[in-house]
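Accompanying notes for the structure given below.
The values are calculated or read from the model by the stated rules, or taken from the named source; none is laboratory data. Quick caveat, the model's predicted, so the values are computed rather than measured. Quick reminder, even Gly has a Cβ in these numbers, built from the backbone with ideal geometry, and neighbours come from all protein chains shown. SASA here: full protein model, heavy atoms, side chains in, ligands and nucleic acids out. Shrake-Rupley method; radii C 1.70, N 1.55, O 1.52, S 1.80 Å.
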Amino acid sequence: MDNHSYNFPSDCTPHTNCKSARKPADSTVVNMGNTGKSAPRDYLIWSLCNTLYVNFCCLGFMALIYSIKARDQKTQGNLQLAQECSDKAKWYNILAAGWNLLIPLLAIVLLVLLLVHLGSSKGSYDFFGEDGFQNFMRLFSW
């Protein structure tokens, strides 16, 4: 029922508190254009951690750049470009985290292997003598 077809009593107007038997208003839904998709993640904290720790081949720094780009595009409303930058930041973070875990693990494995090899060798090596380089290279020959 619209306002033009409704007849108000003479003592009651729409702006006054009239206790007439008016029907309560229905709710109104306004669609703001949200397509139901959530905004893409920007992985900024993960990128900062990868940038500050080891940062092999600047992979963490590249992830940080794409994370900032994804956040900027998200605030500008360009969700498609924000999703592309978010995907790139995610993969750079995965690569950087892999290297960040691999390098210390390799160092520990090499140290353990060197200690096991030195402990199992017969006698001691003279690294500073005439055959120092050959003795050093014998450590790595199996």
For segment 50-91, which residues satisfy the criterion of being under 27 Å from Leu106 (Cα atoms) and open to solvent by 60 Å² or more (accessible area, probe 1.4 Å)? Leu52, Tyr53, Val54, Phe56, Cys57, Cys58, Phe61, Met62, Lys88, Lys90, Trp91
Quick count over segment 48-77, residues being touching an Asp or Glu at 6+ places or on another chain (Cβ under 9 Å), within 19 Å of Lys37 (Cβ to Cβ) and among the polar types (S, T, N, Q), is 1
For segment 48-79, give me each residue that is within 14 Å of Trp99 (Cβ to Cβ) and hydroxyl-bearing (Ser, Thr, Tyr). Thr51, Tyr53
Considering only residues of segment 92-103 that are open to solvent by less than 40 Å² (accessible area, probe 1.4 Å) and in contact (Cβ under 8 Å) with a residue 24 or more places away in the chain, which is nearest to Ala39 (Cα to Cα)? Asn93
